[in-house]
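The values are calculated or read from the model by the stated rules, or taken from the named source; none is laboratory data. This structure is a prediction, so every number in the text was calculated from the model and none was measured. Note that each Cβ is placed from the backbone with ideal geometry, even for glycine, and that neighbours are counted across all protein chains shown. Protein only, heavy atoms only, side chains kept; ligands, DNA and RNA dropped before computing areas. Shrake-Rupley method; radii C 1.70, N 1.55, O 1.52, S 1.80 Å.
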Amino acid sequence: IYDASFAPRSLMKCPFCAHEESKVTDSRASTAGDVTRRRRECEKCARRFTTYERVEEVLPLVIKKDGRRETFERQKILSGLRRACDKRAIPLARLEQIVDNIEKELIETGEKEVSAQLVGEKVMTELRATDDIAYVRFASVYRAFRDLEEFRTELDRLSRLRDSDSPPVVSADNSPKMGD
């Protein structure tokens with residue numbers, strides 16, 4: 001909670017009159033604690049506006065297949081996830097969480113550059129844990145399968161991975177067995 005009696009003045013351009021001085025009337029951290037919301041009042045026109053502050057974390061550049069370097073773009077990944085998850089019961093919040101996880105992993109590496117392949121593999125790992133159909137959709141575009149045989153090979157690999165991840169099923173005689 002913010003003490004409005006403190007009301008520091010700061011340089012923040014008013015969106016209404018472009019005056020550069022305003023005072024903070026209220027300040028709150030988001031539930032997650034990663035964003036600070038500030039209500040401000042312009043010193044000149046007295047109109048109020050809201051600003052959001054977030055620590056800017058430096059993400060590595062992404063090295064594309066052709067050698068070009070691009071800035072990491074959260075929206076590109078989110079767009080690809082949305083296409084892969086089209087008509088699937090996967091909430092947008094989960095897709096945003098996937099992108100958050102990938103961003104966090106990339107920041108934690110401390111690398112200045114990462115390959116697009118690494119980013120793609122991270123997306124596929126997250127999707128595989130979320131939804132098999134979305135995973136296959138994404139993989140079919142990302143890996144650019146040339147024919148049905150490559151697609152079938154990927155489906156077989158996914159099936160084997162899923163079977164190896166499944167917990168043992170207890171039969172009527174209480175003996176564990178692998179399977180469904």
Condition met for residue 67 (open to solvent by less than 60 Å² (accessible area, probe 1.4 Å) and more than 15 Å from the chain's Cα centre (by Cα)): yes
Condition broken by residue 54, with the remaining ones in (1) out of contact with any helix residue (DSSP H, G or I) (no Cβ under 8 Å at 6 or more places or on another chain); (2) open to solvent by less than 50 Å² (accessible area, probe 1.4 Å) satisfied: (2)
Matching residues, region 94-119, being open to solvent by 30 Å² or more (accessible area, probe 1.4 Å) and outside any helix (DSSP H, G or I): 110, 111, 112, 113, 115
Residue list for region 72-93, filter: open to solvent by 90 Å² or more (accessible area, probe 1.4 Å) and either in contact with a strand residue (DSSP E or B) (Cβ under 7 Å, 6 or more places away or on another chain) or farther than 17 Å from residue 135 by Cβ (or both): 75, 76
Selected residue (only one of 76, 44, 122 is outside any helix (DSSP H, G or I) and either at pLDDT 90 or above or closer than 29 Å to residue 151 by Cβ (or both)): 44
